Amino acid sequence: TDDVVVSATKTVTVGITDAQVDVVGKRVTAVASFSKGKTVAFYVNGEKKWSKLSASDADVVLNYNLKKGRNTVTVKISGGFVTSEVIVVK
């Protein structure tokens with residue numbers, strides 16, 4: 001009898017932790033991607049508005065209505081990732 005060896009390979013795609021900030025009118029949307037096990041925090045003008053430990057790599061989507069004027073929106077993900085945008089609402 002011949003021995004039969006079967007092997008299987010599973011490919012796991014791992015993304016890089018990332019975040020982006022978009023705005024339409026006065027509504028800002030921040031999206032954090034691939035942040036499983038990390039804390040995602042959302043700040044407007046230096047004030048923390050939301051923070052939570054991400055349970056999966058699914059996108060974390062945050063929406064917030066900005067006040068009129070100059071606003072600095074920042075997304076911080078534990079482990080050192082930070083993105084910040086200055087948005088002027090008229």
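Taken together, the values in this text are just the output of simple stated rules run on the coordinates, not laboratory data. These numbers come from a predicted model, not from an experiment. For neighbour counting, all protein chains shown are included, and Cβ atoms are generated from backbone atoms with ideal geometry for every residue, glycine included.
What pairs in Lys49/Lys76; Lys52/Lys90; Lys36/Lys68; Lys36/Lys67; Lys38/Lys90; Lys26/Lys49 have C-alpha atoms more than 23 Å from each other? Walk me through the intermediate numbers first.
Working: Lys49/Lys76 12 Å; Lys52/Lys90 30 Å; Lys36/Lys68 34 Å; Lys36/Lys67 31 Å; Lys38/Lys90 34 Å; Lys26/Lys49 16 Å.
Table pairs above 23 Å Cα-Cα are Lys52/Lys90; Lys36/Lys68; Lys36/Lys67; Lys38/Lys90.
Once you treat every alpha carbon in the range 21-76 as an equal point and sum by Debye, what is log10 I(q)/I(0) at q = 0.22 Å⁻¹?
So the normalised log intensities are -0.80.
With each label point set 7 Å from Cα along the Cα-Cβ vector, what nm distance links Lys48 and Asp22?
The two pseudo-label positions are separated by 2.8 nm.
When the chain is fully extended, how far beyond the present Cα-Cα distance does Ser56 get from Thr39, taking 0.36 nm per residue of separation?
On the way: separation 17, 0.36 × 17 = 6.12 nm, distance 1.11 nm.
Difference between extended and current length: 5.0 nm.
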